[in-house]
Amino acid sequence: MSETTFNQGLRLKRFAMAATTYLLWLGLFAYVRYMGLSQIPWAVLWRCTCLVALCNIALLLVFLSGLNRCFKDPSLTLFQMGMGTFWVMVGVYYSGEARGGLLLLYLVVFVYGLFRLKVRQFLFLSAFAIASYGAVLFLLQRQDPDGFNTRLEVMNLLILMVVLPWFSLVGGYITSLREKVARAMATIEKLAIHDDLTQVFNRRQMFEILEREKALGDRGVHPFSICIFDLDHFKRVNDTFGHEAGDIVLRTVAQAIQKNLRDIDHIARYGGEEFILILTNSGVSEAMQCAERVRVLTEGLAFDGLPADFRVTISVGVTKYTPSEDIKASIGRADDALYRAKSKGRNRVEYEPAKRRGGQGGAGAREKKG
């Protein structure tokens, strides 16, 4: 499931929560009318029910069609809360003796904002809710001055004026905390799959990507190739310029190559000065071209803090994954090709084709190379 589909699913769930809340409200207002605490005509209650249903059907169509994604807030949180506040205002206008208790419904609307709204948006909605309730009291006083309990209604208004802004501040604070937690989780997730020094994928994530590509390759979805490269004579860099300079070289090379890969390709640090390229939907020809391109790119890189004429080169081993084989066998073939590139003078690309053999030759090659 894509991230966009997942997010749209969450928005639909939140919409369903809001729609269910409307049903509960309508049931509550019907009960208040049945108990005689409100004089709202049944016809008016029925019309309001139909209008609420139409509003929610229209919103549902917007979400299902994807039109909500055209807005800055695809969840339409502020709009939905504004609509909820309006219907609460209609309800409290007709609620009669139950009006004081039904003011709590404003808080139900505000709870929905904890998913998304910031402080200023909460305060804007608070002002709208307080103004709407003030308008309700004004209309009630004009319609029935004698039956209007000024002291009680003013007290209700003052309570609303204190509670809603305070709730807005708390709600906005909770929203900011959620955003901080989300950013922290994103950072943790990034750290878990990226190499700390070079900021490319680490070994663990590399094997997860390889297993995913293997599953696709085994089903015949697309082929993929593997390139292993390492920096030639890297030990000399550390011995001559120090380990900090060595870190700069590793980071610069890894980042430069990553920026020159396609979005569907991946680079991971395999260990030490050794890296792996996973080339999605690439056959032998495409993989060799990519390997040669990154070899030439590396040869021309300059490094901060090192002499202007300082250069590094890489040796690259390339192979293509054979469906149904063990991933380690593929890596072993690429490793053999890398060893051959080094034995032939370094700063070159070599290819190792798939062949029938009992063992995984890369393990022995790695021992010779080390």
Self-check item: Residue match in the range 153-163 (condition: outside any helix (DSSP H, G or I) and not acidic (Asp, Glu))
Solution: no
Exercise. Quick one: in the range 279-290, of everything that is more than 32 Å from the chain's Cα centre (by Cα) and among the hydrophobic types (A, V, I, L, M, F, W, C), which residue is surrounded by the fewest Cβ atoms within 10 Å (Cβ to Cβ)?
Key: Val284
Quiz item: What residue, of Ala215, Ala182, is without any contact (Cβ under 8 Å) to a residue 24 or more places away in the chain and not assigned by TED's automatic domain parsing to the domain that holds Gly332?
Solution: Ala182
Exercise. Examine the range 10-29 for a residue that is surrounded by fewer than 16 Cβ atoms within 10 Å (Cβ to Cβ) and more than 30 Å from Gly101 (Cβ to Cβ), and state whether such a residue exists.
Key: yes
Exercise. Please determine, by comparing only the residues of the range 223-259 that are surrounded by 18 or more Cβ atoms within 10 Å (Cβ to Cβ) and of a type in the set (Asp, Glu), which one is nearest to Pro353 (Cα to Cα).
Key: Asp230
Quiz item: Do any helices (runs of 4 or more DSSP H) lying entirely in the range 37-105 carry at least 3 residues that are within 33 Å of the chain's Cα centre (by Cα) and either touching a residue at least 40 places away in the same chain (Cβ under 8 Å) or surrounded by 18 or more Cβ atoms within 10 Å (Cβ to Cβ) (or both), and which ones are they?
Solution: 42-65, 77-94
Quiz prompt | Top-ranked residue in the range 121-178 [being of a type in the set (Val, Ile, Thr) and closer than 18 Å to Val108 by Cβ; ranked as surrounded by the fewest Cβ atoms within 10 Å (Cβ to Cβ)] | solution = Val162
Quiz item: Name the pairs whose Cβ atoms lie under 8 Å apart, with the first residue in the range 244-270 and outside any helix (DSSP H, G or I), the second of a type in the set (D, E, K, R), and 6 or more positions between them or separate chains?
Solution: Asn260/Arg293; Ala268/Asp195; Ala268/Arg203; Arg269/Asp195; Arg269/Arg203; Tyr270/Arg203
Quiz item: Got a sec? Which of Thr240, Thr252 is among the polar types (S, T, N, Q), modelled with pLDDT of 95 or more and farther than 15 Å from Ile331 by Cα?
Solution: Thr252
Quiz item: Just checking, which of Leu139, Leu158, Leu105, Leu152 is under 23 Å from Thr21 (Cα atoms), among the aliphatic types (A, V, I, L, M) and out of contact with any His (no Cβ under 9 Å at 6 or more places or on another chain)?
Solution: Leu105
Quiz item: in contact (Cβ under 8 Å) with a residue 40 or more places away in the chain and among the β-branched types (Val, Ile, Thr): does that describe Val136?
Solution: yes
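The values are calculated or read from the model by the stated rules, or taken from the named source; none is laboratory data. Because the structure is a prediction, the values reported are computed rather than measured. Glycine gets a Cβ as well: all are built from the backbone with ideal geometry, and neighbour counts include every protein chain shown.
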